[in-house]
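The values are calculated or read from the model by the stated rules, or taken from the named source; none is laboratory data. In this text the structure is predicted, and so the values were computed from the model without any measurement. No Cβ is skipped: glycine too gets one built from the backbone with ideal geometry, and neighbour counts run over all protein chains shown.
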Amino acid sequence: MSAEADLTALEDLRARLTPGALCFSLATPEEAETLRLSLPQEGRIWVGWRQREALLRAWRPAAQERYHSVAGRDAPSLRAWLEDSFKVWRESGRGDWRIEVEGARVEEALALCGLGGLESRSLSLLSNGEAARACLAAALGSKPALLVLDDLTEGLDAKGRKMLSKLARTLAGKGTAVLVLASRESLFPWAAAVRRAPQGLSDLSLVPRPLSEEVFSCEGLSLEAGGRILVKSLYWKLYEGENWWVEGPNGAGKSTLLAYLSGEHPQAWAQSWRLKGEGREAWTPPALLRSAVAWVSPELAAASGRPLGEMLSRALESSASLLILDEALRGLDREALGRCEEDLARSFRERPGRSVVFVSHDFHEIPPGINRVLHLRGDGDWDFEE
C-alpha cells in the first residue's frame with residue numbers, strides 16, 4: 001500500500017464495495033456520519049472513534065480513580081472480553097447445543113491486530129491506540145462482509161499503522177470488502193506516523209533554554225501500571241516558553257505521565273511533583289489546580305459533554321501556566337486542523353509565560369513552536385531532545 005493508492009469518491013463507493021474490494025476515501029467527520037447512515041447495515045461492521053470511546057468509557061475509570069492500585073479490578077482482561085465476540089453455538093453428539101469459543105480465531109485476531117502479549121492486560125489499562133486495535137480484533141469475530149475503518153489510524157503509532165495496512169490487505173484477499181476512511185491524507189495507513197527527528201525539530205540542541213521561570217519539575221519519577229514499569233527515574237523540568245512534544249509507542253505511558261503532570265495521578269502526592277515551586281498539597285482545592293493546569297483530551301471532552309474544539313479554545317484562552325494537550329487535535333479534518341494550528345501558534349506567541357506539553361502520533365499535527373521533545377521507550381527508559 002503506497003501513497004499512490006487511488007482514492008475513491010464518496011459517491012462512487014456503493015458501486016466499488018464488492019467482495020474483496022479495498023477502497024480508500026477522504027471524508028470529513030460529517031461526511032463519514034452520512035455515509036454510516038446510508039450504507040447497508042447487513043453484514044457491515046464499522047470500527048472508528050465511537051467504538052474506541054465506548055470501550056474506554058465502559059471500562060476505564062475516571063482520571064482520579066484510574067491510577068490507584070484498585071483501579072480496573074472489575075474490568076475483564078483483553079482475552080476474556082474478546083472471547084465474547086468469538087462465541088458460536090455447536091451441536092454436541094447427543095443432539096443438544098452449547099456455546100463454544102473459537103480459540104484459534106481469537107489467537108488469529110490477536111496476532112493480526114498486533115495484540116500479542118497483551119491478552120491478560122485489564123481493559124482499564126489499555127492505551128488509546130491499544131483500545132482501537134482491540135475494537136478491530138473484536139470486529140473480526142463476526143466475519144463481516146464489509147469492514148469500515150473510520151479514522152482508525154488516529155492515535156496509532158507507526159507499528160499500529162503498519163499492522164492496519166497489512167490487515168486491510170489480508171482481509172480483502174479473503175473476500176471481505178474493506179473501506180478505509182480518513183479525515184485528512186496524513187491519516188491513511190501508508191502515511192508517515194511518528195518520526196525520530198521530524199523536520200524543524202532535528203536541531204533542538206541548538207535552541208537555547210529560555211531565561212525564564214520554572215513551571216513544573218519532578219525528580220527521580222517512576223510510574224507503573226498493571227505491574228509494568230512505564231517511566232523510571234525521570235528528571236524533568238519545564239520552563240516558561242518551553243513547548244514539549246511527548247512521543248512514544250502505544251502503551252509507553254504517555255497518558256499516565258500526563259495524568260501525573262496534571263496532578264490527578266496519586267503519585268503526584270507521593271513523588272516529587274512541583275508546580276510553580278509548590279508541592280501537590282499546596283494546590284487544593286481542585287479548582288485552584290485547574291486554574292493553573294489546563295488538560296485537554298478527547299476523553300475529558302467526552303466526559304464533560306463538550307466538543308473537543310471548544311475545550312481546546314477555552315484552554316488556549318485560559319491563564320493556566322501549564323497546558324497539557326493529549327491528542328487534542330484528534331478527529332479534525334484538514335480545514336479544522338489548520339484553524340486549530342493557527343490558534344496554537346498564536347497562543348505560543350501571545351502567552352510566552354506558560355509551558356505546553358503536546359502528545360500526538362501524527363507528525364503532521366505537531367504545531368510550529370514546539371521546541372523540546374521527550375521520548376518514552378515503553379520499558380521505563382526515556383531521553384530528551386532539548
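Observations on the model:
- PHE384 falls short on exactly one of the conditions (1) within 21 Å of LEU238 (Cβ to Cβ); (2) crowded, with 18+ Cβ neighbours inside 10 Å, and that condition is (2).
- Of all residues in region 12-28 being at pLDDT 85 or above and of a type outside the set (A, V, I, L, M, F, W, C), the one that is farthest from ALA139 (Cα to Cα): ASP12
- Of the residues examined, GLY309 is one that is under 17 Å from the mean Cα position of the chain (by Cα) and surrounded by fewer than 19 Cβ atoms within 10 Å (Cβ to Cβ).
- Contacts under 9 angstrom Cβ, first residue in region 276-289 being over 26 Å from SER212 (Cβ atoms), partner small (Gly, Ala, Ser), 6 or more apart: PRO286/GLY263
- Considering (1) surrounded by fewer than 13 Cβ atoms within 10 Å (Cβ to Cβ); (2) at pLDDT 80 or above; (3) not assigned by TED's automatic domain parsing to the domain that holds GLU30, the lone condition that LYS174 does not fulfil carries the number (3).
- Condition met for ALA259 (surrounded by fewer than 21 Cβ atoms within 10 Å (Cβ to Cβ) and either out of contact with any Leu (no Cβ under 6 Å at 6 or more places or on another chain) or at pLDDT below 90 (or both)): no
- Selection within region 4-38 - closer than 14 Å to ASP151 by Cα and of a type in the set (A, V, I, L, M, F, W, C): CYS23, PHE24, LEU26, ALA27, ALA32, LEU35
- Near pairs, Cβ below 7 angstrom, 6+ apart or cross-chain, from region 13-34 (of a type in the set (Ser, Thr, Tyr)) to any residue that is part of a helix (DSSP H, G or I) and surrounded by fewer than 18 Cβ atoms within 10 Å (Cβ to Cβ): SER25/LEU10
- The residue that is nearest to GLY129 (Cα to Cα), counting only those in region 28-47 that are crowded, with 17+ Cβ neighbours inside 10 Å and more than 20 Å from the chain's Cα centre (by Cα), is ILE45.
- Within region 117-162, the set of residues being modelled with pLDDT under 90, surrounded by 20 or more Cβ atoms within 10 Å (Cβ to Cβ) and under 27 Å from THR28 (Cβ atoms) comprises SER127, ASN128, GLY129, ASP151, LEU152, THR153, GLU154, GLY155, LEU156, ASP157, GLY160, ARG161.
- Some residue of region 233-240 being assigned to a loop (DSSP other than H, G, I, E, B), under 30 Å from GLU350 (Cα atoms) and in contact with a helix residue (DSSP H, G or I) (Cβ under 6 Å, 6 or more places away or on another chain): no
- Here ALA158 qualifies as hydrophobic (A, V, I, L, M, F, W, C), in the same structural domain as SER183 (by TED's automatic domain parsing), closer than 19 Å to HIS361 by Cα and in contact (Cβ under 8 Å) with a residue 12 or more places away in the chain.
- When ASP343 is tested against (1) out of contact with any Leu (no Cβ under 7 Å at 6 or more places or on another chain); (2) in a helix (DSSP H, G or I); (3) free of Cβ contacts under 8 Å to residues at least 60 places away in the same chain; (4) surrounded by fewer than 19 Cβ atoms within 10 Å (Cβ to Cβ), exactly one condition is not met: (1).
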